[in-house]
Amino acid sequence: MDKFKYIILLLFIVSIQLTEAQNISLSGYVTNKHDKKPVSNVVVKMVGHNISTTTNNTGFFKIQYKDITDPKLVTSHVGYLKKEIHIDETNIVDTLYIELAPAVLNLTEVEIIGLSDNQMPYSIEKIDLKKIESTNLSDIGGIIAKEPNIGGIRKGATGIDPVIRGFKYSQVVVQLNGGTHIEGGCPNRMDPTASHVNVNDLHNITIYKGPFALKYGPNFGGLINLETFSPRFYNKFENHVSIFIGGQTNHIGYKSGVRIFGGNSSISYTASANKNKFGNYKAGNGDIINSSSDNYNIKAGVGIRPADDHVVSLNFDRSWGRNVDFTALPMDERSDDTKIYEVSYLGTKFKNSINFIKFHAYHSDVHHKMDNKNRPFSDTVVAISRIHAMNTGARFATNFRALNGNFEVGANYENIYKDGNREKWLIMQPGLPNFTESIWNNARINNIGLFGEYQQTRGNIDWIISARTDFNSATSDPMLRLKPNGTPVYENNDTKSEFINFSFSAGLSWHINAASEISVSFGKGTRSPDMIERYIILLPIGYDPYDYLGNPDLKPETNHEIDLGYKFVNSKFGSFSASVFFSYVTDYISTVRVPPSQVMPQTKGVIGVKTFTNIDDAYLTGFEIAYNTPENHLWEVRFTSAYTTGINPLATVYIVENGNVIDEATVKNDPLPEIPPLEANIWFNYKFFKKKLVPELNIRMVAAQNQISEAWDEDSSPGFTILNIKVNYKYSDQLQVNMGVNNVLDINYYEHLNRRIIGSKTPFLEPGRLFYINLIIKL
Amino acid sequence: MYKIIFIIPTLFILFTSCSDTDRKKITYVTTGAISAYNLQYINDKNELTSTEVLPQSTQDQWVYSYIADEGEIVYVSGIYKDINSSLNIMILIDGKVYKQASNEADTLFYLTVSGTVPYD
């Protein structure tokens, strides 16, 4: 597909609306309604536009904008109720005086202190509840993968593993509620973090691209924060219920859930139960793809406000996964039992300069069972893997005003534990012999980190610097694989490693005028090797047919990234943003073949053993472009386009003949594997009946991916264009119906990041035409 | 009150749909032998058990049935010492033949029929 097609299309849309507009400046003071004292750090935003500012210590703010029809300001602050102010001619000339009423605190709003996400100098994508509720997808990874320059590695019915700007697996951090981490059980990552969270419990998703957001933990290539529904407080006692029922054809199944929540100003609660169940689906060419899954969970939370501005909340989530098909992996998920415990404290409005103190602790516990019983080779060997993975940690942060800005300092702690084995039954042998092999052997990783972040707005410039240092240590019982007769195939007793990593980022946004903004960010993010890279014992886990062996001596890898961004927002033109990035990765974690003289492969069908190693460097670069028509029209057009390419300057290719490695060669500038191709999306919608009925058309154009890794024996993938239609109907605040048709033209296609069907080069096809409907009741 | 009207049926639908694993009736049948033979099989406790069968004629059947969950291993393996004998082993799941095999005059190798109870 011609890449210029997208650029021409973008220029055409942009040219429709480009007009001159007048600069208007508006200033004012924000005070507390009760004590009349100035309120600092209030975000003042122009409704429907990407224009905002923050009040200083005297409560003063100044905001500039171009000529906007029916302009409205909205204020937001963690400790005060939101207030909307209509701007008329009087306001424009006079200073505004805005009084805010103190609010009953709700935890999810804490992050608005300081620069809001849209003031950050680096790229952030937000997926709100409306978007989550309007999709038919039940896999959170699949929802995330719809965002620009984000893809998802798909191996089965669920558990799509996000790829941000070419970074994947542990290069991308996925966390829950600002700090909870979940260690999945499967060595092939069939259960990444997001797969342990039910989509119906999800309130919003924030994606921070690049290694810039450092306060949550080590960040290498990007951070995804999943925010679930938390207990919220009300001024008087209230009870609410929310019901979600969604069903679809083709990939036939349903997602459903009920949530009850309520409370008063002192105590609040939330409790939910969800069940999602899907069957196989028919691809565009009529092939039936095994893709069934069954997931259900219960979640409960309690919020307590023992004193004004001090909130403690407790959450518990228990989820089950049963019989989930992973057509591209050697095994299917037979069962997944996950428990997540969280406790949080948030204190605000202390008498000194402290904005807030926050503490978050968690424990996640995953029991994951997989088997090959639905694979042809189970006729001779039945293999069952059981993994126990735990992640325990805490985060403490305090945010305070100093040096005309906001400091946030704190510490994080994370302890990961993993143990598991594979039981093999030779079911065609007399006496039914069976033996057990270790996959992980009581492996542990500890990470203690200290972080600091400083934000300031000076004149037309918002800037932020942050740094963190991590002490990372890991150990495991001996990495040992025995033959059935007890002799060792592989043994490594030297499993300890310790690292001190330093990460740093800095960025600024220069508001050239009310409409234009340029931003630049630089970041150095270092991550230590993960459980798989350090301690996996002879198991096929990669894109290629090799047994993999962990390397406890592996060094951390470091991403040095620079981002440049430009935003233009205008009431008549709409909003346009573009960003480019360049990443230079040192000590890039890749793989190298282990000679058979050192260790022999242990899995049927693989051609050798690979271990993890650091290569000198690799680099990635790409761009994102987005355009939105103004929000004050009844019609809307949105456009996004994104592209990433990654290069390994010196890769080793193993030459295979008749299932044996016969030679190796060096390839210069080999593309990095599993990077999504150039993609562009256009959406058209029109708002009928006072915006109650909104039909939307989406054209998704994906180019062929021919930048493929020779070293990983990656296959190219063809381009495709698909058409999706949806209609959102909001009958009232209590009743909403979203319905749609995906892949209207029943195109036969697959994503480049979809793994191949196990044991073949057959692509894992996406569903053909699919109808869905979601019913949402909120009482 | 009207909120409860919505909650109760929804919860009912949710929890009734969280069904247990389907269970199947497994039947092992062996025939065809004219003299004693040894069998090893997985029993209802999921343990490997041995037994000696003493048939009177090739028509005599040894039958063992139990209830198993989806995914459980089913396994029968037999051997005889009489060169004039033969053996036919069959595994049925819910009355339908799942796998079967037979041999004749093979006193050296075990005849094994095995698999896992398929997931629906």
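The values are calculated or read from the model by the stated rules, or taken from the named source; none is laboratory data. The structure presented is a predicted model; accordingly, all values stated were derived computationally and were not measured. In this analysis, Cβ positions are derived from the backbone assuming ideal geometry, glycine residues included, and neighbour counts consider all displayed protein chains.
Would you say A:LYS275 is facing chain B (nearest Cβ under 10 Å), in a strand (DSSP E or B), of a type outside the set (A, V, I, L, M, F, W, C) and touching a Ser or Thr at 6+ places or on another chain (Cβ under 6 Å)? The answer is yes for A:LYS275.
Output yes when any residue across segment A:177-196 is in the same structural domain as A:SER385 (by TED's automatic domain parsing), assigned to a strand (DSSP E or B) and not hydroxyl-bearing (Ser, Thr, Tyr), and no when none is. Break it down stepwise before answering.
Step one: filter segment A:177-196 for residues in the same structural domain as A:SER385 (by TED's automatic domain parsing), giving A:177-196.
With the extra rule that they be assigned to a strand (DSSP E or B), the set shrinks to A:180.
From the residues that got through so far, the ones that are not hydroxyl-bearing (Ser, Thr, Tyr) too are none.
Within segment A:177-196 (the criterion being in the same structural domain as A:SER385 (by TED's automatic domain parsing), assigned to a strand (DSSP E or B) and not hydroxyl-bearing (Ser, Thr, Tyr)), the answer is no, since none of the residues qualifies.
Restricting segment A:173-206 to residues that are of a type in the set (S, T, N, Q) and within 11 Å of the chain's Cα centre (by Cα), the residue that is nearest to A:LYS418 (Cα to Cα) is A:THR193.
Being touching a residue at least 12 places away in the same chain (Cβ under 8 Å) and in a strand (DSSP E or B): is that true of A:THR338 here? Answer is yes for this residue.
For segment A:689-733, give me each residue that is assigned to a strand (DSSP E or B) and of a type in the set (A, V, I, L, M, F, W, C).
First, pick out the residues of segment A:689-733 that are assigned to a strand (DSSP E or B): A:693-702, A:705, A:717, A:720-730.
Correct list: A:LEU693, A:VAL694, A:LEU697, A:ILE699, A:MET701, A:VAL702, A:PHE720, A:ILE722, A:LEU723, A:ILE725, A:VAL727.
B:ILE91 passes every criterion in (1) under 25 Å from A:ASP332 (Cα atoms); (2) within 10 Å of another protein chain (Cβ to nearest Cβ) apart from (2).
Being within 12 Å of chain B (Cβ to nearest Cβ) and surrounded by fewer than 16 Cβ atoms within 10 Å (Cβ to Cβ) is the filter; apply it to segment A:378-411 and report the residue that is modelled with the lowest pLDDT.
Filtering segment A:378-411 down to residues within 12 Å of chain B (Cβ to nearest Cβ) leaves A:378-384.
Narrowing the set further to residues that are surrounded by fewer than 16 Cβ atoms within 10 Å (Cβ to Cβ) leaves A:379-380.
On the way: A:ASP379: 87, A:THR380: 91.
Among them, the one singled out is A:ASP379.
Yes or no: segment B:36-44 includes at least one residue that is touching a strand residue (DSSP E or B) at 6+ places or on another chain (Cβ under 7 Å) and under 22 Å from A:ASN323 (Cβ atoms). Yes, segment B:36-44 contains a residue that is touching a strand residue (DSSP E or B) at 6+ places or on another chain (Cβ under 7 Å) and under 22 Å from A:ASN323 (Cβ atoms).
For residues in segment A:424-472 being under 30 Å from A:ILE537 (Cα atoms), of a type in the set (A, V, I, L, M) and more than 14 Å from every other protein chain (Cβ to nearest Cβ), which is surrounded by the fewest Cβ atoms within 10 Å (Cβ to Cβ)? For segment A:424-472, the residue satisfying everything is A:ILE448.
If you scan segment B:76-88, which residues turn out to be surrounded by 18 or more Cβ atoms within 10 Å (Cβ to Cβ) and either more than 10 Å from chain A (Cβ to nearest Cβ) or under 25 Å from A:GLU423 (Cβ atoms) (or both)? Let's see the steps before the verdict.
Narrowing segment B:76-88 to residues surrounded by 18 or more Cβ atoms within 10 Å (Cβ to Cβ): B:76-80, B:85-88.
Within segment B:76-88, B:VAL76, B:SER77, B:GLY78, B:TYR80, B:SER85, B:SER86, B:LEU87, B:ASN88 qualify.
Is there a residue in segment A:97-108 that is β-branched (Val, Ile, Thr) and at pLDDT below 75?
Quick first cut of segment A:97-108, residues β-branched (Val, Ile, Thr) only: A:98, A:104, A:108.
If we keep only those that are at pLDDT below 75 too, we end up with A:104, A:108.
Yes: segment A:97-108 contains one or more residues that are β-branched (Val, Ile, Thr) and at pLDDT below 75.
Screening A:VAL569 with (1) in contact with a His (Cβ under 6 Å, 6 or more places away or on another chain); (2) under 26 Å from A:LYS668 (Cα atoms) gives one miss only, at (2).
All conditions but one from (1) more than 14 Å from every other protein chain (Cβ to nearest Cβ); (2) over 30 Å from A:PHE623 (Cα atoms) apply to A:GLY222; the one that does not is (2).
Scanning segment A:288-300 for residues that are assigned to a loop (DSSP other than H, G, I, E, B) and either modelled with pLDDT of 95 or more or within 13 Å of another protein chain (Cβ to nearest Cβ) (or both), we see that the one that is nearest to A:ARG755 (Cα to Cα) is A:ASN290.
So that you can scan it fast, the table gives a plain yes or no per residue for (1) within 14 Å of chain B (Cβ to nearest Cβ); (2) in contact with a helix residue (DSSP H, G or I) (Cβ under 8 Å, 6 or more places away or on another chain):
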{"position": "A:GLY152", "(1), (2)": "no, yes"}
{"position": "A:ALA157", "(1), (2)": "yes, no"}
{"position": "A:PRO211", "(1), (2)": "no, no"}
{"position": "A:GLU227", "(1), (2)": "no, yes"}
{"position": "A:TYR234", "(1), (2)": "no, no"}
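Cβ-Cβ contacts under 8 Å between residues 6 or more apart (or on different chains), taken from a first residue in segment A:737-761 that is in contact (Cβ under 8 Å) with a residue 60 or more places away in the chain and of a type in the set (A, V, I, L, M, F, W, C) to a second residue that is surrounded by 16 or more Cβ atoms within 10 Å (Cβ to Cβ) and not in a loop (DSSP other than H, G, I, E, B), are listed as A:ILE747/A:PHE720; A:ILE747/A:ILE722; A:LEU753/A:GLY151; A:LEU753/A:GLY152; A:LEU753/A:ILE153; A:LEU753/A:ARG154; A:LEU753/A:VAL163; A:ILE757/A:PRO763. Among the residues of segment B:24-75, those identified as within 13 Å of chain A (Cβ to nearest Cβ), assigned to a strand (DSSP E or B) and farther than 16 Å from B:SER86 by Cα are B:GLN40, B:TYR41, B:ILE42, B:LEU48, B:THR49, B:SER50, B:ALA68, B:ASP69, B:ILE73, B:VAL74, B:TYR75. Put simply, of A:TYR627, A:TYR588 the only residue that is touching a Leu at 6+ places or on another chain (Cβ under 7 Å), modelled with pLDDT of 90 or more and not β-branched (Val, Ile, Thr) is A:TYR627. Of the residues making up segment A:241-255, just one is touching a Gly at 6+ places or on another chain (Cβ under 7 Å), more than 15 Å from A:LEU129 (Cα to Cα) and facing another protein chain (nearest Cβ under 10 Å), namely A:TYR254.
Scanning segment A:305-314 for residues that are surrounded by 16 or more Cβ atoms within 10 Å (Cβ to Cβ) and of a type in the set (A, V, I, L, M) gives A:VAL311, A:VAL312. Of the residues that sit in segment A:278-287 and are closer than 25 Å to A:ASN198 by Cα and either surrounded by fewer than 21 Cβ atoms within 10 Å (Cβ to Cβ) or in contact with a helix residue (DSSP H, G or I) (Cβ under 6 Å, 6 or more places away or on another chain) (or both), which one is farthest from the other protein chains (Cβ to nearest Cβ)? By that ranking, first place goes to A:LYS282.
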